[in-house]
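Read through the structure below, which is laid out as structure tokens, and then see the notes.
Any read-out appearing in this document is the output of simple, stated calculations on the displayed coordinates, not a laboratory observation. On a predicted model such as this, the values are computed, not experimentally measured, just so you know. When we count neighbours, we look across all protein chains shown, and the Cβ atoms used for this are built from the backbone with ideal geometry, even at glycine.
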Amino acid sequence: MTLTTRRGALTTLGAVLAGTLARPSSEALAASDTRPASDVQAANAVPAGGRRPRSRPLWRAHAHNDYAHPRPLLDALDHRFGSVEADIFLVGGRLLVGHEVSDLDPSRTLESLYLEPLAARVAAHHGAVYRGAHRPLQLLIDIKTEGAATYLELDRRLRRYPRLFTRYAHGRVHPGPVTVVVSGDRAARTPMAAQTERRAFYDGRLADLTGSVPASFAPLISDNWTQNFTWTGTGAFPDSERRKLRSITAAAHARGQRVRFWATPDTAGPARDALWTELLAAGVDHLNTDDLAGLEAFLDAHAPA
């Protein structure tokens, strides 16, 4: 879809929404009993026998295009994922979730699919997404429309949940049950960087590892696997590429940042398992998948949380 076509479709959809939908009402606040969470808590150890108890969250599991599952967010949480991804479009003052303009449905908003269910779950679990596991769930929000305007609307929505999200305020990070990381259109970076207080963080790129971007702004470094590596899991992993991968994770971790790659192979089989094994061995923090059950089974068998 061309940019002109997308803008035209969004304008039409926005006009329909403006005439037929009321502005959303204010949402319920998250629980007041929220206890601090930490991104640096020790990983859960695999017990004897090699499989983790099914109740343990899988912090390294990332649900790519999570909204495409039958039950957005809830299916990923049932599979114990520690990170979920939602694409958003700003249309008629609302944040709609979908992959393309043609996918958008006025009833599928960021609030209805993610923010409201997360607030309710955290309230029910006394300040945590996973009961008894006070470590933030990552909500990766991929902006598909113009970044600055979409982020400013997102910021307004997040502020309606003062105790739900990890917050940056005047040089300090205050952990919460959910950490929002903004990806997608890069224009979001400018308004985010200008804020002295915000409830979202930035998804950096590999180029940011050589700059001065701190983890308090960009706690996550993501990039396209196929643009940085040739290996896709078949045959031996070239030594030069293994060294490159490990140097990336070492550099990010030294700065307090986590690493994720998208566009990794996601067809079940030996090649995917081989690549996931190398990612784990190198310390990559989030493994991308659309196959919730497949990654859950792999992590249970191969890795600590």
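Among Ala207, Ala188, which is over 17 Å from the mean Cα position of the chain (by Cα), hydrophobic (A, V, I, L, M, F, W, C) and over 28 Å from Arg131 (Cα atoms)?
Ala207
If you scan the stretch 99-141, which residues turn out to be in contact with an Asp or Glu (Cβ under 8 Å, 6 or more places away or on another chain), of a type in the set (Gly, Ala, Ser) and at positive phi?
Matches in the stretch 99-141: Gly127 only.
Is it the case that the stretch 220-229 has a residue that's under 24 Å from Arg172 (Cβ atoms) and of a type in the set (D, E, K, R)?
There is no residue in the stretch 220-229 that is under 24 Å from Arg172 (Cβ atoms) and of a type in the set (D, E, K, R).
Can you pull out the residues in the stretch 210-219 that are within 16 Å of the chain's Cα centre (by Cα) and closer than 12 Å to Ala252 by Cβ?
Of everything in the stretch 210-219, those that are within 16 Å of the chain's Cα centre (by Cα) and closer than 12 Å to Ala252 by Cβ turn out to be Ala215, Ala218, Pro219.
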